[in-house]
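The values are calculated or read from the model by the stated rules, or taken from the named source; none is laboratory data. Since the structure is predicted, the reported quantities are computational estimates derived from the model, not experimental observations. Cβ placement follows ideal geometry from the backbone for every residue including glycine, while neighbour counts extend to all protein chains displayed.
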Amino acid sequence: MSEKAAHTAEHVFAGALSKIVPGLRVHKVELGASNSVTLEIESLDWDTALKAEIVTNNIIAEGRAVRVHTFRNLDEAKGRFEGLRSREDRIVGDVRVVEIDGFDYAACTGEHVQNTKECSFFLISGLSESGGTVKVEFLVGEKARNRALEMCSTCFKAAKVLATNVENLEKAAEKAKLECYVLRGKLMDATDEVLKRIQPLERDSFRVYQAFLRGADKGTVMERAGRIIEKDDRAVTIFAIQEKGFSHIIMARGKGLPFDCRRVLEDALRGKGFKGGGKADFASGIIQSEECEKDIESITESLRF
């Protein structure tokens, strides 16, 4: 679909939305490999966007004529078209107005198709908010139709996963999200309780806190490791969290110890395909193994300085 068609469809959409959101201003339009219009509004919910999207496709299907008019100045253009959409701060001299027959009138210097039917179909593909603006990504024509079918298929698949129908998909997703939130909270509490019970292993010049955990909350483990080394500058923490098919390894050391945690993990776990990063005093990564209790022991034994 041509940029002319995408630009025309953007005009129809902006016109439709401005009838729902009075005073709407278009900040920027980007056309090409991806199409978007950035609007000067704080937020835009999907229900409101859908209303404008439906009107947009109705106008496209009606086959409204698209006309271009030129005026000597903005006042003359406003006198001809009541409700003209324009950025007065960007207009100097002659004014070019694009008219969607009986629906929308906007000052614009871009190229457009001659009839809205040439746009074929309009679909919003994304919404994002930033700094008092909303960016609306969209597709036009065959790409829009194909994407709409893909999204429809995804909705049915998601409904099947959640054991519901498409009509109740949003409620089912919200319920699942809430349940996950509650379960995550319980997992965090349980993980913290286990970590609190760990007693350090005394070495000549440092203390090691080590644990092999199954299905623990990674964020809680990392937070606990941070608290331990903050309170004790001679402490070392080596924690492993077993997951299905892999394990997280988390290592930290107090500021009173000289070794580099990243290098220790890389040297000790290179044969396990270790991938990770971090800083000298706090590093973490993943190994492709569920059984790493011996690795924790070998890391501890390698700490000689």
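Report whether or not residue 256 is under 22 Å from residue 223 (Cα atoms) and within 35 Å of the chain's Cα centre (by Cα). Outline the logic, then answer.
Details: under 22 Å from residue 223 (Cα atoms): yes; within 35 Å of the chain's Cα centre (by Cα): no.
So residue 256 fails the test.
May I ask you to list the residues in the stretch 131-175 that are outside any helix (DSSP H, G or I) and small (Gly, Ala, Ser)?
Selection gives 131, 132, 141, 163.
What are the pairs with Cβ atoms under 6 angstrom where one residue, in the stretch 37-59, is within 12 Å of residue 11 (Cα to Cα) and at pLDDT 95 or above and the other, located anywhere, is buried (at least 17 other Cβ atoms within 10 Å of the Cβ) and among the acidic types (Asp, Glu)? Sequence gap at least six, or different chains.
37/10
Condition check ((1) surrounded by 12 or more Cβ atoms within 10 Å (Cβ to Cβ); (2) modelled with pLDDT under 90; (3) over 21 Å from residue 227 (Cβ atoms)) across all residues:
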{"residue": "271", "(1), (2), (3)": "no, yes, yes"}
{"residue": "274", "(1), (2), (3)": "yes, yes, yes"}
{"residue": "281", "(1), (2), (3)": "yes, no, no"}
{"residue": "288", "(1), (2), (3)": "no, yes, yes"}
{"residue": "296", "(1), (2), (3)": "yes, yes, no"}
{"residue": "299", "(1), (2), (3)": "yes, yes, no"}
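I'd like to verify a number: residues in the stretch 226-242 that are farther than 21 Å from residue 204 by Cα, buried (at least 16 other Cβ atoms within 10 Å of the Cβ) and not β-branched (Val, Ile, Thr), how many?
Result for the stretch 226-242: 2.
Looking only at the stretch 206-242, which residues are touching a Leu at 6+ places or on another chain (Cβ under 8 Å) and not in a strand (DSSP E or B)?
206, 215, 216, 217, 220, 221, 224, 233, 234
Testing residue 245 on (1) within 33 Å of the chain's Cα centre (by Cα); (2) surrounded by 17 or more Cβ atoms within 10 Å (Cβ to Cβ); (3) part of a loop (DSSP other than H, G, I, E, B); (4) of a type outside the set (Ser, Thr, Tyr), one condition comes back false. Which one is that?
The number of the failed condition is (2).
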